[in-house]
1. When the accessible area of the chain is split by element with a 1.4 Å probe, what percent falls to carbon and sulfur?
2. What is the sum of charges, Lys and Arg at +1 and Asp and Glu at -1, for the other residues whose Cβ falls under 14 Å from the Cβ of E48?
3. Given a 1.4 angstrom probe, what's the average accessible area per residue across the chain, in square angstrom?
4. Pulled fully out, how much extra length does the chain show between L22 and T40, if you take 0.36 nm times their separation in residues and subtract their Cα-Cα distance?
5. What Kirkwood hydrodynamic radius, in Å, does the chain give when the mean of 1/r is taken over all pairs of distinct Cα atoms and then inverted?
Amino acid sequence: MNMDAELLRRVERLEEKLDRILEIPEDELTEEEIKELNRTSERMRKDEKVPLDNLL
């Protein structure tokens, strides 16, 4: 698989996960899931590198 195809596959997985998260009301997420999302969001706001695999 070439780099472009691998990148496209990862972006598609990320989009699917984000779509799912956006559809889930917060009361359906576990406390740990909310904490994990908040930690990742905070790292991204600080312009820290967040490995793509952590988002998937």
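1. Details: 2550 of 5030 Å².
About 51 percent, which is the carbon plus sulfur part of the accessible surface.
2. On the way: positive: R39, R43, R45, K46, K49; negative: E42, D47.
Local net charge: +3.
3. On the way: 5030 Å² over 56 residues.
For the chain, the solvent-accessible area averages 90 Å² per residue.
4. On the way: separation 18, 0.36 × 18 = 6.48 nm, distance 1.51 nm.
Contour length minus Cα-Cα distance gives 5.0 nm.
5. Details: mean 1/r = 0.0794 Å⁻¹.
By the Kirkwood definition, the hydrodynamic radius is 12.6 Å.
The values are calculated or read from the model by the stated rules, or taken from the named source; none is laboratory data. On a predicted model such as this, the values are computed, not experimentally measured, just so you know. In this analysis, Cβ positions are derived from the backbone assuming ideal geometry, glycine residues included, and neighbour counts consider all displayed protein chains. In case anyone asks, the SASA skips ligands and DNA or RNA and just uses the protein heavy atoms, side chains included. Shrake-Rupley method; radii C 1.70, N 1.55, O 1.52, S 1.80 Å.
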